[in-house]
């Protein structure tokens, strides 16, 4: 083969189209399969893939077989049996856009010569997100500083950039001289038990120190305890700078929703930046019925969102919006090389240089479905979680851990100790049984429910907030149904009953 044969051109267009067609068919077959995953051991994967670099070319037929094997070993997030995360990634419009993104190969770091149309499609998508949050929308921006949002590669970096802005607003010369210039003690307030690791990492990456995080007590429905928030502000503001208060519109465990109006009032009264991690919860902005559950979110100084989590968009796309677009000046940078243009996103995307045109996936999804249909999708997903909550609440074989459904998460445990008071149950044994259910169901290609340590916030098993390992349902698949819930419950009972016999 000649070297030119490896690159897309008119000369090899027919061959390329046939190969692409086979790859798309392979992907669609995978995506529409109910199978969760085909397992291989770590040692088997190492042996198969950790090989010496190929010295000679691999023809497309052989490469196709390699890709077929990789596809078969991948986890199928689009299976209705995948009930651990909401990242289904199966909207036709967004998957089609995702296929187009590498073909048109736009670079969103700059506008004029890198991506003129991509820049304004991205601004449009950001405007749409701002509108569902209740933020102002500028349809005639004069520069990138008027837009009020950016697209990033994930919620972790979106949260980090939001806290960078909070830091640089508090310490205006930090970018030039470093945070040590101020010799101030700085604190970040986050909810206890449910805070996301990105806040801890952000403090480390921003040179502020993980030890300077202050945890605020939470109520049994996982909202910030407002009295504790006020008390800790009063205590720390005497000798410290409080950089920001963080809360959640959908924490990563229970999907709880906080009291945004009250927190905003307290934070802004004390001149503290207020950040909402709404990577999950922003979706309620599409729904007329559920929008009231995020009332007051528009009062936040910054909000993060993960469309790839909740809008059936394939990885990756996250977004960060500021209430006041001018606040992007705190994190702006400029390069003599390529970023002097008025609409260069590269000026306001710290830690991100060249970026793919991933906003096309979001733009296409919203354009295709429209706000009302997306709202209906969000409501169906929420209602399905509420239906599961109600089913489990009436079933003696289960214990529900979260107090109520916030967005679409239900944490529960299979209970082989029926008749016993919860406070008399051996929690370690209960954890062991439920952790085995989690692993063995996934290994058997039945259902995938998430599992993680979670404190007994409600004191169900006593007053000492024991660490629990619940099963967590959180499906984002628009195709999931009540029948799928019933099958999952039946399967958990089947595995639970068999496993419990070994212990009880």
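The values are calculated or read from the model by the stated rules, or taken from the named source; none is laboratory data. Since this is a predicted model, take the numbers as computed values, not measurements. Virtual Cβ from ideal backbone geometry, glycine too; neighbours counted across all protein chains shown.
Brief remarks on what is shown
- The stretch 209-227, residues that are part of a helix (DSSP H, G or I) and out of contact with any strand residue (DSSP E or B) (no Cβ under 7 Å at 6 or more places or on another chain): 210, 211, 226, 227
- Checked against (1) assigned to a helix (DSSP H, G or I); (2) in contact with a helix residue (DSSP H, G or I) (Cβ under 9 Å, 6 or more places away or on another chain); (3) more than 30 Å from residue 489 (Cβ to Cβ), residue 47 passes all but a single condition, namely (2).
- Residue in the stretch 388-406 that is part of a helix (DSSP H, G or I) and in contact with a helix residue (DSSP H, G or I) (Cβ under 6 Å, 6 or more places away or on another chain) present: yes
- Helices (runs of 4 or more DSSP H) (entirely within the stretch 90-208) containing at least 1 residues that are in contact (Cβ under 8 Å) with a residue 40 or more places away in the chain and surrounded by fewer than 20 Cβ atoms within 10 Å (Cβ to Cβ): 92-104, 116-133, 155-170, 197-205
- Within the stretch 471-504, the set of residues being farther than 20 Å from residue 382 by Cα and either surrounded by 15 or more Cβ atoms within 10 Å (Cβ to Cβ) or without any contact (Cβ under 8 Å) to a residue 24 or more places away in the chain (or both) comprises 490, 491, 492, 493, 494, 495, 496, 498, 499, 500, 501, 502.
- Within the stretch 335-352, tally of residues that are modelled with pLDDT under 90 and either assigned to a helix (DSSP H, G or I) or under 20 Å from residue 120 (Cα atoms) (or both): 4
- Residues satisfying the stated conditions in the stretch 21-51, i.e. loosely packed, with under 11 Cβ neighbours inside 10 Å and under 26 Å from the mean Cα position of the chain (by Cα): none
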